[in-house]
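Just so it is clear, none of the values below were taken in a lab; they were calculated from the coordinates. Here the structure is a predicted model, which means the values were calculated and not measured. Heads up, the Cβs are rebuilt from the backbone with ideal geometry, glycines too, and the neighbour counts pull from every protein chain shown.
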Amino acid sequence: MDQFLFFLVAFLAVASAVYFVFARNPLYAILSLIVTMFSIAGMYILLNAQFLAIIQIIVYAGAIMVLFLYILMMLNLNKQDESKKNNTLKFVGVFTAGLLLIGVLGVFRGVQDNHVVVENVDRSIGLTKNLGRLLFNEYVLPFELASILILAGIVGAVLIGKKDL
């Protein structure tokens, strides 16, 4: 069942990434990139790395994609901008994708059907509870110093952005 879910999420990630490359409308391209980011977060969950999945959703699918959408709306791209691209860049993209396909096929050619017997696997690795315990016990000083540094940056940004003091 886990293998089926992994292949389903991987297919969704690859399909939305391919749609991102070939989409004519930049808005649809960015939305397909958001789907790609969410499916990568799904892969992290299947690998028992919940913290990385949440960070993937918050940082990439949340903040960066919203920034991309904001920039896209501010630039107001039109269809006439698409025709200005020359064919050389498209050829370079297809050539690079072909080289990547050859590399992936070479990797799959070398893969044997070896099965690893898993007996003593610690299933608690990657859980957020263990990461929190490690951050607040062993690395509490660097964690608190990083939070003070981020707070100083926020205060500085507010003071710079404020017109009157």
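The figures follow:
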quantity	calculated
Fully extended contour minus Cα-Cα distance, from residue 136 to residue 69, at 0.36 nm per residue	20.5 nm
Most to least packed among 146-159, 11-24, 29-42, 50-63 [average Cβ atoms within 10 Å]	29-42, 50-63, 11-24, 146-159
Inter-label distance, nm, simple model (7 Å from Cα along the C-beta direction), residue 6/residue 28	3.3 nm
